[in-house]
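Participant: Let me begin by handing over the structure; questions about it come next.
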Amino acid sequence: MTYCIGKCKEYKALKPSQIGRYAAGQKRCNYCEVFVEYDGLACPCCNRQLRCLPRSRKGKEKYLSQIVIKKQLLN
(Lines give C-alpha, C1' and ligand atoms only; values in the text may rest on other atoms or scores of the structure.)
Protein backbone atom coordinates (compact mmCIF):
# COMPACT_ATOMS: atom_id res chain seq x y z
CA MET A 1 0.00 0.00 0.00
CA THR A 2 1.39 3.40 -0.96
CA TYR A 3 0.76 6.74 0.68
CA CYS A 4 1.78 10.37 0.22
CA ILE A 5 4.86 11.31 2.25
CA GLY A 6 4.96 14.94 1.10
CA LYS A 7 8.00 14.69 -1.19
CA CYS A 8 5.83 15.72 -4.17
CA LYS A 9 5.56 19.23 -2.71
CA GLU A 10 9.19 19.81 -3.78
CA TYR A 11 8.16 19.28 -7.42
CA LYS A 12 4.89 21.24 -7.22
CA ALA A 13 4.26 23.21 -10.41
CA LEU A 14 2.84 26.71 -10.77
CA LYS A 15 0.00 27.17 -13.24
CA PRO A 16 1.17 28.65 -16.56
CA SER A 17 -0.72 31.75 -17.65
CA GLN A 18 -1.04 31.32 -21.42
CA ILE A 19 -1.08 27.57 -21.99
CA GLY A 20 -2.60 24.54 -20.28
CA ARG A 21 -0.77 22.54 -17.65
CA TYR A 22 -0.45 19.35 -19.72
CA ALA A 23 0.68 21.29 -22.80
CA ALA A 24 3.36 22.94 -20.64
CA GLY A 25 4.69 19.50 -19.70
CA GLN A 26 3.26 19.27 -16.20
CA LYS A 27 1.90 15.97 -14.88
CA ARG A 28 -0.72 15.24 -12.24
CA CYS A 29 -0.65 12.75 -9.41
CA ASN A 30 -4.25 11.75 -8.74
CA TYR A 31 -3.36 10.27 -5.37
CA CYS A 32 -1.44 13.27 -3.99
CA GLU A 33 -3.78 15.65 -5.90
CA VAL A 34 -0.98 17.91 -7.14
CA PHE A 35 0.53 18.94 -10.48
CA VAL A 36 4.28 18.31 -10.62
CA GLU A 37 7.13 19.20 -12.95
CA TYR A 38 8.88 15.84 -13.01
CA ASP A 39 10.46 13.82 -15.84
CA GLY A 40 9.61 10.36 -14.53
CA LEU A 41 6.44 8.34 -15.09
CA ALA A 42 5.77 7.68 -11.41
CA CYS A 43 5.18 10.20 -8.64
CA PRO A 44 8.39 10.82 -6.65
CA CYS A 45 6.33 10.72 -3.46
CA CYS A 46 3.88 7.83 -3.61
CA ASN A 47 5.33 5.97 -6.64
CA ARG A 48 1.98 5.89 -8.47
CA GLN A 49 1.65 6.57 -12.19
CA LEU A 50 1.38 10.25 -13.15
CA ARG A 51 -1.36 11.46 -15.48
CA CYS A 52 0.10 13.09 -18.61
CA LEU A 53 -3.12 13.86 -20.51
CA PRO A 54 -6.46 15.40 -19.57
CA ARG A 55 -9.38 13.04 -18.91
CA SER A 56 -12.31 14.89 -20.47
CA ARG A 57 -13.00 15.14 -24.19
CA LYS A 58 -13.12 18.94 -23.95
CA GLY A 59 -9.77 19.00 -22.15
CA LYS A 60 -8.19 16.68 -24.72
CA GLU A 61 -9.39 18.86 -27.60
CA LYS A 62 -7.95 21.95 -25.91
CA TYR A 63 -4.67 20.13 -25.24
CA LEU A 64 -4.33 18.98 -28.87
CA SER A 65 -4.99 22.49 -30.19
CA GLN A 66 -2.37 23.92 -27.84
CA ILE A 67 0.19 21.32 -28.95
CA VAL A 68 -0.44 22.15 -32.64
CA ILE A 69 0.02 25.88 -31.95
CA LYS A 70 3.16 25.18 -29.92
CA LYS A 71 4.66 23.13 -32.79
CA GLN A 72 3.83 25.87 -35.32
CA LEU A 73 5.59 28.47 -33.19
CA LEU A 74 8.72 26.31 -32.96
CA ASN A 75 8.97 25.89 -36.76
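The values are calculated or read from the model by the stated rules, or taken from the named source; none is laboratory data. Quantities reported herein were computed from a predicted structural model and do not represent experimental measurements. Please note: Cβ atoms are built from the backbone with ideal geometry, for glycine as well, and neighbour counts cover all protein chains shown. Accessible surface areas use protein heavy atoms only, side chains included; no ligands, DNA or RNA. Shrake-Rupley method; radii C 1.70, N 1.55, O 1.52, S 1.80 Å.
Participant: Apply the Karplus parameterisation 6.51 cos²θ - 1.76 cosθ + 1.60, with θ equal to phi minus 60°, to every residue of the stretch 18-32 and state each ³J(HN,Hα) to the nearest whole Hz, in sequence, with x for glycine and proline.
Facilitator: In residue order, the calculated couplings are 10, 9, x, 5, 5, 5, 7, x, 7, 10, 10, 9, 5, 6, 7 Hz.
Participant: When only DSSP loop residues count, what GluC sites (Glu not before Pro) in the stretch 2-47 have their Cβ near at most 14 other Cβ atoms within 10 Å?
Facilitator: Here the GluC sites (Glu not before Pro) that fit, given the DSSP loop and packing criteria, are GLU33, GLU37.
Participant: Using only helices, what value at 222 nm comes out for the chain when you add -39,500 (n - 2.57) per DSSP H run of length 4 or more and divide by the total residues, to the nearest 500 deg cm²/dmol?
Facilitator: It lands at -8000 deg cm²/dmol.
Participant: Once you have the Cα-Cα distance between ILE67 and ARG51, take 0.36 nm times their residue separation minus that, and quote the gain in nm to one decimal.
Facilitator: 4.1 nm
Participant: Counting other Cβ atoms within 10 Å of each Cβ, which trypsin sites (Lys or Arg not before Pro) in the chain have at most 12 and sit in a DSSP loop?
Facilitator: Taking the chain and a limit of 12 other Cβ atoms within 10 Å, the loop trypsin sites (Lys or Arg not before Pro) found are ARG55.
Participant: Against the longest principal axis of the chain, how steep is helix 57-74, in degrees 0 to 90 to the nearest 10, with axes from Cα atoms?
Facilitator: For 57-74 against the chain, the angle is about 60 degrees.
Participant: Using DSSP to call loops (not H, G, I, E or B), can you name the chymotrypsin sites (Phe, Trp or Tyr not before Pro) in the stretch 1-71 whose Cβ has at most 14 other Cβ atoms within 10 angstrom?
Facilitator: TYR3
Participant: Just to check, using Stokes-Einstein with a Kirkwood Rh over alpha carbon pairs, what's the diffusion coefficient of the chain at 25 °C and 0.890 mPa s in µm²/s?
Facilitator: Translational diffusion coefficient: 187 µm²/s.
Participant: Separate question: With a 1.4 Å probe and all protein chains left in place, how much of the accessible area of the chain comes from carbon and sulfur atoms, in whole percent?
Facilitator: Carbon and sulfur: 51 percent of the exposed surface of the chain.
Participant: Given a 1.4 Å probe, how much area per residue of the chain is accessible, in Å²?
Facilitator: Heavy-atom SASA per residue in the chain reads 78 Å².
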